[in-house]
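Right, one structure below, let's go through it.
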Amino acid sequence: MPLFCFNTAADYLAAAREMAVSGRPALARLLAEEAADRTSDPEEAARILRDFPRPSPRQED
């Protein structure tokens, strides 16, 4: 059974939250961007991206 099933914006958002909690901010941001792309409401898409800011290169080291 797969850990995540990616069909909806909510699926990508759940995965983004999991990656953020596990210390993977770059992957969390990529998943959040996909969630935002799949969201029809521009305000909700902007909120998603605000919740997952782009990590700086230092955070990835």
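For region 6-53, a residue qualifies if it is open to solvent by 80 Å² or more (accessible area, probe 1.4 Å) and polar (S, T, N, Q), and the qualifying residues are N7, S40. Identify all residues within region 1-55 that are hydroxyl-bearing (S, T, Y) and in contact with a helix residue (DSSP H, G or I) (Cβ under 6 Å, 6 or more places away or on another chain); write none if there are none. Within region 1-55, Y12, T39 qualify. Take the residues in region 1-44 that are basic (K, R) and either without any contact (Cβ under 8 Å) to a residue 12 or more places away in the chain or in contact with a strand residue (DSSP E or B) (Cβ under 9 Å, 6 or more places away or on another chain) (or both), then tell me which one is farthest from P55 (Cα to Cα). Top of the filtered list is R17.
For region 22-61, filtered to residues that are within 12 Å of the chain's Cα centre (by Cα), of a type in the set (D, E, K, R) and assigned to a loop (DSSP other than H, G, I, E, B), the residue that is modelled with the lowest pLDDT is R54.
The values are calculated or read from the model by the stated rules, or taken from the named source; none is laboratory data. Predicted model, so just to flag it, every value in this text is computed and none were measured. Cβ atoms come from the backbone with ideal geometry, glycine included; neighbour counts cover every protein chain shown. For accessibility, only protein heavy atoms count, side chains too; no ligands or nucleic acids. Shrake-Rupley method; radii C 1.70, N 1.55, O 1.52, S 1.80 Å.
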